[in-house]
Structure formats: structure tokens, C-alpha cells
1. Checking Phe77 against (1) among the aromatic types (Phe, Trp, Tyr); (2) over 16 Å from Gln125 (Cα atoms); (3) open to solvent by less than 20 Å² (accessible area, probe 1.4 Å); (4) over 14 Å from the mean Cα position of the chain (by Cα): exactly one of these is not met. Which one?
2. Being of a type in the set (S, T, N, Q) and either open to solvent by less than 30 Å² (accessible area, probe 1.4 Å) or in contact (Cβ under 8 Å) with a residue 60 or more places away in the chain (or both) is the filter; apply it to the range 3-32 and report the residue that is farthest from Leu188 (Cα to Cα).
3. Just give me the residues in the range 33-53 being more than 14 Å from Leu143 (Cα to Cα) and touching a residue at least 12 places away in the same chain (Cβ under 8 Å), in sequence order.
4. Could you please give the count of residues in the range 137-190 that are farther than 27 Å from Ile52 by Cα and in a strand (DSSP E or B)?
5. Give the number of residues within the range 44-55 that are within 15 Å of Ser19 (Cβ to Cβ) and surrounded by 15 or more Cβ atoms within 10 Å (Cβ to Cβ).
6. Determine the pairs where a residue that is more than 18 Å from Gly15 (Cβ to Cβ), located within the range 77-92, has a partner that is part of a loop (DSSP other than H, G, I, E, B) with Cβ atoms under 6 Å apart, the partner being 6 or more residues away or on another chain.
7. I need the full set of residues from the range 154-168 which are more than 20 Å from the chain's Cα centre (by Cα) and hydroxyl-bearing (Ser, Thr, Tyr), in order please.
8. Output the residues belonging to the range 133-166 that are more than 20 Å from Met64 (Cβ to Cβ) and either without any contact (Cβ under 8 Å) to a residue 40 or more places away in the chain or basic (Lys, Arg) (or both).
Amino acid sequence: EGVAVEYFSEPKYDGLAISLIYKDRALSHAITRGDGMRGENVTHNVRTIGDIPLTLPKSAPSVMEVRGEIIMLVKDFDALNERQIRSEQKPFANPRNAAAGSLRQLDPQVPASRKLSFFAYGLEQLDLTAHKIQTQSQVKAFLDRSGFPVSEHSSVVSGASGIQAFFDSMQKKRSSLGFEIDGVVYKLNR
């Protein structure tokens with residue numbers, strides 16, 4: 001009684017949600033969220049994103065699904081729009097649209113030239129108990145050990161005061177993060 005609940009808190013990236021499916025520790029498929037039931041297979045374009053490992057270390061399970069967000073950093077967005085304007089093409093409205101549009105191109109050279117980034121935040125199709133993963137913070141550590149970029153801005157907080165403090169902190173950092181967010185995400189840590 002009286003124990004504050006712990007929450008894993010992180011920024012909510014303003015990008016394109018993606019599921020990366022690994023089989024035999026190699027990237028097999030990359031699927032967008034789509035309409036929630038059926039997503040687009042964008043594997044050929046995701047393979048061009050340097051942040052996404054094409055193979056996993058031997059310590060990783062042979063089959064797993066990693067959830068995350070593909071984004072375009074603000075500096076890369078600004079550089080892309082400068083190139084668009086120089087070549088007399090219409091600039092993109094925001095980094096999210098630029099990232100999503102890049103990922104849906106038929107030619108993989110297009111997203112490769114546009115510098116997309118990735119942050120992992122979740123695991124599916126994995127027996128977490130077998131890997132001694134009991135908390136969201138352990139999911140983050142597991143993803144980091146497996147070679148995925150994870151948020152350096154995440155934190156475990158306790159109770160309502162911790163939730164508010166994390167929100168306030170992200171509000172102060174928001175303009176200097178280097179990427180767009182559209183809020184914060186709180187998950188029960190355990």
C-alpha cells in the first residue's frame with residue numbers, strides 16, 4: 001500500500017510507425033501500420049536506412065518483431081527542402097510527410113538519398129519471460145544491446161508527480177530535440 005506506480009516515459013515521435021520482422025536474425029520484412037489491419041510492405045526502402053540493422057547479433061533471438069518509428073531529423077529535413085527548392089521542386093510541408101513519402105517510393109535510391117532515421121520502442125513475437133524482460137525499461141535495454149537506436153530521452157518515473165515532471169521536461173526540451181514529437185507516451189513499466 002502507498003507504493004507509487006512506475007511508468008516508462010518517452011517522447012512520441014512524429015513519424016511513420018513500422019514493424020521490423022527478423023527471421024534467422026536477418027531483416028525479413030518491414031511493414032507500415034497502414035490502416036491498423038493491413039500495412040504496406042516497404043522492406044526494400046527500409047534496407048537503405050543506416051540506423052536499422054540488417055542482421056542482429058548472435059545473442060538476439062532468431063525470430064522477433066521490433067516496433068519503432070521512422071523519422072527525419074530536422075537538420076536532414078531542412079537540407080532536403082533546400083535541395084528541393086534548388087531543383088525547383090515543391091518543398092515538403094513537415095518532416096513526417098517527407099519521411100512517409102520517402103518510404104513509399106518505388107525506387108529505393110530515393111529514401112536512401114533523403115537520410116531517414118529510426119528509433120525502436122517495442123518488441124512483439126518474443127517470449128519476454130525467456131529473455132528475463134519484465135519491464136519496459138528492460139525492453140529498451142534489450143533493443144539497445146541488439147543494435148537498435150533507442151530514445152536517450154526516456155525515463156522511468158513514479159506516480160502522477162513523475163508523469164507531470166517528465167511532461168514539463170519534454171516541453172522545455174521540445175524545440176531542441178532535433179526531431180519532431182507530437183507528445184509523450186507513458187507505459188506501465190512492469
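1. Phe77 satisfies every listed condition except (3).
2. My answer is Thr32.
3. Correct list: Arg33, Gly39, Glu40, Asn41, Val42, Thr43, His44, Asn45, Val46, Arg47, Thr48, Ile49.
4. Residues flagged as farther than 27 Å from Ile52 by Cα and in a strand (DSSP E or B) within the range 137-190 amount to 2.
5. Adding up the residues that qualify gives 5.
6. Every condition considered, the pairs that remain are Gln84/Pro91; Ile85/Pro91.
7. Scanning the range 154-168 gives Ser158, Ser161.
8. Matches in the range 133-166: Glu152, Ala160, Ser161, Gln164, Ala165.
The values are calculated or read from the model by the stated rules, or taken from the named source; none is laboratory data. Remember, predicted model here, so these are calculated numbers, not experimental data. Quick reminder, even Gly has a Cβ in these numbers, built from the backbone with ideal geometry, and neighbours come from all protein chains shown. Only protein heavy atoms, including side chains, enter the accessible area calculation; ligands, DNA and RNA are left aside. Shrake-Rupley method; radii C 1.70, N 1.55, O 1.52, S 1.80 Å.
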